[in-house]
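Let me begin by presenting the structure, written as structure tokens, before commenting on it.
The values are calculated or read from the model by the stated rules, or taken from the named source; none is laboratory data. Keep in mind that this is a model prediction, so the values were computed, not measured. Here the Cβ positions follow ideal geometry from the backbone for every residue, glycine too, while neighbour counts run over all protein chains shown.
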Amino acid sequence: MKTKLLFWSAIVFFVLGLNARDSALFYFFSIHLFMLLIGVLLHKLAQKLQPDETVEPLPEASE
């Protein structure tokens, strides 16, 4: 859901930037939303590829 919203919001801002007289702000938001989309997709991919193994504690050092 988040990715679809980010993608379509970025597309809408890009199209608004094409049609507006002062389009720099629309392009800024479009690029910003595309970067957020890439970050969310990479975060999802990292969570999917991460193994669900439990971490065992290190043995205590004997002196």
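Being exposed (fewer than 14 other Cβ atoms within 10 Å of the Cβ), aliphatic (A, V, I, L, M) and at pLDDT 90 or above is a property that Leu18 has. Per this entry, His32 is not counted among residues that are loosely packed, with under 11 Cβ neighbours inside 10 Å and assigned to a helix (DSSP H, G or I). Checking every residue in region 2-15 against the condition of being assigned to a helix (DSSP H, G or I), of a type in the set (Ser, Thr, Tyr) and surrounded by 12 or more Cβ atoms within 10 Å (Cβ to Cβ) gives at least one match.
If you take the residues in region 16-48 that are in contact with a Phe, Trp or Tyr (Cβ under 8 Å, 6 or more places away or on another chain) and among the hydroxyl-bearing types (Ser, Thr, Tyr), which one is farthest from Leu6 (Cα to Cα)? In this case the residue turns out to be Tyr27. Just one of (1) surrounded by 14 or more Cβ atoms within 10 Å (Cβ to Cβ); (2) within 12 Å of the chain's Cα centre (by Cα) fails for Ser23. It is (2). Just one residue in the set Leu6, Leu41, Leu45, Leu25 is in contact with a Gly (Cβ under 9 Å, 6 or more places away or on another chain) and modelled with pLDDT of 85 or more; that residue is Leu25. Might you check whether a residue that is among the polar types (S, T, N, Q), surrounded by fewer than 11 Cβ atoms within 10 Å (Cβ to Cβ) and not in a loop (DSSP other than H, G, I, E, B) occurs anywhere in region 52-60? For region 52-60, residues among the polar types (S, T, N, Q), surrounded by fewer than 11 Cβ atoms within 10 Å (Cβ to Cβ) and not in a loop (DSSP other than H, G, I, E, B): absent. Sub-9 Å Cβ pairs linking a first residue in region 13-36 that is touching a residue at least 24 places away in the same chain (Cβ under 8 Å) to a second residue that is small (Gly, Ala, Ser) and part of a helix (DSSP H, G or I), at least 6 apart or interchain, are Leu33/Ser9; Leu33/Ala10; Phe34/Ala10; Leu36/Ala10, ordered by first then second residue.
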